[in-house]
Amino acid sequence: MRKNKILAGILIAMTVMMTATACGKNNTKAESTQETKQQTQAEASTEATTAVNAEVASSGQETSEAEDTSEEEETKETQPITANDAGDIKEGLFTSKSGKYQIMPPKGWSLDEDGDESVVAISSPNGEDYLEVTYVQGDDADGAREVYPATMDEYKKLISRGEDMEFVRYDVKNGSDGSQTFRYALRYKTPQDGVRYYAISGSYNAATKTYISAAGTIGSTDSGVEGQIEAALDSLKLK
């Protein structure tokens with residue numbers, strides 16, 4: 001009887017152990033499955049995050065490259081042209097290709113892309129003001145120039161537009177051989193064809209058959225440009 005009870009106890013204990021082991025295995029299996037599922041989800045989330053970050057980084061890089069390209073193009077567009085077939089600007093001084101004349105344009109102004117030594121155009125950054133140099137040597141020089149009257153009153157009669165036009169200066173000197181030096185400036189109260197101020201200075205040498213002039217045209221409302229134009233005309237030098 002006692003032996004039977006002991007055997008029964010042993011069987012019960014074994015049954016409990018087997019049951020516990022089975023439950024443990026099931027729990028372990030469930031926990032393993034859950035861990036695997038969580039790990040898979042984590043890996044998927046990591047992959048998605050990595051993909052998003054890569055896309056954002058790629059988009060940022062493209063945006064940065066686009067901005068850099070845009071800045072380079074803008075810089076290129078706004079960079080003053082300092083050389084063409086007519087000559088070049090170095091240290092603020094324009095020298096013609098042949099080296100026969102020089103002029104100092106306002107700082108930051110740009111040469112036109114087209115041009116040659118006979119006609120040089122230099123414009124302001126906003127394109128509203130410009131300086132033009134005309135140079136002719138030889139038999140065509142006399143025909144290229146305008147012969148100015150000796151006095152301002154005589155010239156007024158030729159070009160007067162009434163009270164809207166004001167002479168700022170007028171200075172003409174004639175030589176006995178037909179040579180002439182000239183300089184005058186006009187200011188318009190109401191812009192004429194977009195022009196508010198016009199000034200010109202130059203000379204014609206009959207002996208060497210050489211004509212040169214520099215003319216400044218101002219369309220902008222910046223009064224400081226007048227002084228810059230006058231300074232440029234002062235700097236005109238025939239070598």
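Taking all protein chains together and a 1.4 Å probe, the residues ILE159, ILE122 rank ILE159, ILE122 from largest to smallest accessible area.
For region 151-189, backbone nitrogen atoms closer than 17 Å to the point 7 Å from ALA206 Cα along Cα-to-C-beta are found at 151, 172-182.
Placing dummy labels 7 Å off each Cα toward the beta-carbon, the span from LYS156 to ALA215 is 2.2 nm.
Rounded to the nearest whole Hz, the Karplus-based 3J(HN,Hα) values (6.51 cos²θ - 1.76 cosθ + 1.60, θ = phi - 60°) of region 163-173 follow the sequence 5, 5, 9, 10, 7, 7, 7, 7, 9, 10, 10, with x at glycine and proline.
In this structure region 82-200 gives 57 Å² per residue of accessible area when probed at 1.4 Å with all protein chains present. Note on LYS90 and ASN126: with the Förster distance fixed at 25 Å, the Cβ-Cβ geometry gives a FRET efficiency of about 0.60.
The apolar share of the surface of region 82-216, taken as the fraction of accessible area on carbon and sulfur atoms (1.4 Å probe, ligands and nucleic acids excluded), comes to 44 percent. Taking Lys and Arg as +1 and Asp and Glu as -1, the other residues whose beta-carbon sits under 10 Å from that of GLN137 total -1.
The values are calculated or read from the model by the stated rules, or taken from the named source; none is laboratory data. Nothing here was measured: the structure is a model prediction, and the numbers come from that model. Note that each Cβ is placed from the backbone with ideal geometry, even for glycine, and that neighbours are counted across all protein chains shown. These accessible areas exclude ligands, DNA and RNA; they are computed on the full protein's heavy atoms, side chains included. Shrake-Rupley method; radii C 1.70, N 1.55, O 1.52, S 1.80 Å.
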